[in-house]
Every structure is written in structure tokens, then in C-alpha cells.
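Contents: one structure, followed by commentary.
The values are calculated or read from the model by the stated rules, or taken from the named source; none is laboratory data. Just so it is clear, the model here is predicted, and its values are computed rather than measured. When we count neighbours, we look across all protein chains shown, and the Cβ atoms used for this are built from the backbone with ideal geometry, even at glycine.
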Amino acid sequence: MAALGGHTNKQTVAIAIVCFLYATSAFAEVCDKAGWDPSDGVVTVANEVVNSARWSFILALVVTIGIMKGWRWLVWPITLLSLGLVILGLSDDPEDPIMLYMIAEGCRTSWSGTIMSISFAMPLAMGALVAVLKFKMKSGKP
């Protein structure tokens, strides 16, 4: 009986060691699950800014056109999406182990959340500016 119990304990220890060794790989593969491939290269702050600015510009353009045309059905969803992305960027926890693994693997920078919040606040600011200007033009006030 002692031999059987010893064998079971060795298997349990072996399984625990394997689980702990492969846990870091599971966290590191978060980037792979997000569609990032190591051959894409390391994500830099410049890449983050350019990609976020591209989406920010597109959303700002859509919001501006929607406000000018009076398409509330288009402006509200884009505004809510932008607001949600700003909040998502602000909610990043810099001490989150998954975020730390993503930064270590190179598919994210420590500034990713801040860059996302700033860039998606731009369509909101642009939409507010266009709405104010449109209101002033309609009311005839300088």
C-alpha cells in the first residue's frame, strides 16, 4: 500500500510542477489569442499612437458627418462606443498579471490604456465642437 501511495504522490507532484511550468506560457499566449503574432514585431508607443489615431480620425469623421447631416442614429452609437473605449482605457490595471505578460511578450506597451483613452476622447471632443458650431450657425449668434 505504501508503494501505491508513494506513486500517487509522485504523480500529483509531477502534475503540479507541469501546471506551474505551463501557467506562464498560458498567460503569455494571451497575445496570440488576441490575433498578435510574434512576427508582427514588438508593439511600440509609436505604433500604438498611429493605430489609435487612425481609428480616432475615422470615428471623428463619422461623428462630424453625422452631426452635420442630423443623423442621430449614427452619432449616438459612435459616441457611446468612443466613451466606452475611453473608460476601458482608463480602467487598465498596471499591476494585472495578464497585462504584465502582454507587455513582456511585446504585444502591448505600458502606455496602451492611456493612448487608447486619449485617442478615443478625440472623436467626443470633435463631435462636441461640431455640435456647438452647428448650434451657433443655426441660432445666428457669433
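Each row is one residue, and each column tells you yes or no for (1) within 21 Å of ASN51 (Cα to Cα); (2) at pLDDT 85 or above; (3) crowded, with 19+ Cβ neighbours inside 10 Å; (4) in contact with a Gly (Cβ under 7 Å, 6 or more places away or on another chain).
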position: TRP76; (1), (2), (3), (4): no, yes, no, no
position: ASP96; (1), (2), (3), (4): no, no, no, no
position: TYR101; (1), (2), (3), (4): no, no, yes, no
position: CYS107; (1), (2), (3), (4): yes, no, yes, no
position: VAL132; (1), (2), (3), (4): no, no, no, no
position: PRO142; (1), (2), (3), (4): no, no, no, no
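Here the range 48-101 is the region considered, the condition is being of a type in the set (D, E, K, R) and within 15 Å of the chain's Cα centre (by Cα), and the residue that is nearest to LEU129 (Cα to Cα) is ARG54. Considering LEU88, LEU80, the condition of being farther than 22 Å from ALA46 by Cβ, surrounded by fewer than 17 Cβ atoms within 10 Å (Cβ to Cβ), at pLDDT 80 or above and among the hydrophobic types (A, V, I, L, M, F, W, C) is satisfied by LEU80 alone. Scanning the range 121-138 for residues that are in contact (Cβ under 8 Å) with a residue 12 or more places away in the chain, under 16 Å from GLY66 (Cβ atoms) and not basic (Lys, Arg) turns up MET122, PRO123, LEU124, MET126, GLY127, VAL130, ALA131.
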